[in-house]
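Everything on this sheet refers to the single structure shown next.
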Amino acid sequence: MPVPRPGETWAVGAVVLDADGRAFAQRRSPGRRLFPDCWDIVGGHVEPGETLLAALAREVEVGFPMPKARGETGWRLRTVRRLIGVSTWEGDDGQGLRHEADFVIDVDGDLARPRLEPGKHTAYGWFGPEDLERLKENRAPGETLVHDVIAAALDLRG
């Protein structure tokens with residue numbers, strides 16, 4: 001498991017697979033600073049001093065809050081199946097180089113009714129091998145990280 005070094009910027013990503021082996025992705029809002037109106041996996045930045053797994057659990061829960069007083073369905077990290085890989089990339093927001101660790105995970109919660117984080121995401125979908133090209137929508141040529149991570153996760157099933 002990679003360990004972020006002081007001064008490095010890290011992010012984590014989570015690929016959730018449904019019972020049919022399709023991967024979950026959500027469309028970022030058009031007003032987002034980083035990759036607006038693009039498909040993305042669940043995840044986000046690692047806070048200073050935070051482990052990758054702690055950040056992963058936090059990001060899954062933040063992206064899909066589970067209000068205790070209401071019956072709305074959200075997700076919580078149950079199991080990390082495996083590390084897909086680590087990549088290094090530079091966003092379109094001018095914030096410099098980032099390292100990203102992506103995982104295949106299992107969650108607790110209703111996969112049929114994911115809750116999108118208000119203001120941050122506008123749509124969601126479940127992507128199988130035949131849908132992977134859609135993940136490149138609104139991305140610059142050669143910008144295929146989300147596509148490649150989901151493709152790798154689908155190959156890892158089993």
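The values are calculated or read from the model by the stated rules, or taken from the named source; none is laboratory data. This is a predicted model, so every value here is computed, not measured. Surface areas here come from the heavy atoms of the whole protein model, side chains and all, with no ligands, DNA or RNA. Shrake-Rupley method; radii C 1.70, N 1.55, O 1.52, S 1.80 Å.
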- Message: Which order do you get for Phe24, Phe35 if you rank them by accessible area with a 1.4 Å probe, largest at the top?
- Response: Phe35, Phe24
- Message: With an 8 Å Cα cut-off and a minimum separation of 6 or more residues, compute the relative contact order for the chain in percent.
- Response: 30
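Using the Cα gyration tensor of the stretch 1-152, with a ≥ b ≥ c the square roots of its eigenvalues, what is the shape: rounded (a/c below 1.5), prolate (a/b larger than b/c) or oblate (neither)?
Working: a/c = 1.37, a/b = 1.13, b/c = 1.21.
Verdict is rounded for the stretch 1-152.
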- Note on the structure: Expressed per residue, the solvent accessible area of the stretch 1-65 in Å² (1.4 Å probe) is about 45
- Item | Separation between Cα centres of the stretch 1-55 and the stretch 85-158, rounded to whole Å | 8
- Pop out the carbon and sulfur fraction of the accessible area of the chain as a percent, whole number, probe 1.4 Å. 50
- Task: Over the residues of the stretch 1-59, compute the C-alpha Rg and express it relative to 2.2 N^0.38 Å.
- Result: 1.29
- Candidates Asp40, Asp18, Asp93: whichever shows maximal mean-square fluctuation once the chain is modelled as a Gaussian network with Cα springs under 10 Å: Asp93
- Query: Roughly how many Å² is the accessible area per residue of the stretch 93-158, as a whole number, for a 1.4 Å probe?
  - Reply: 52
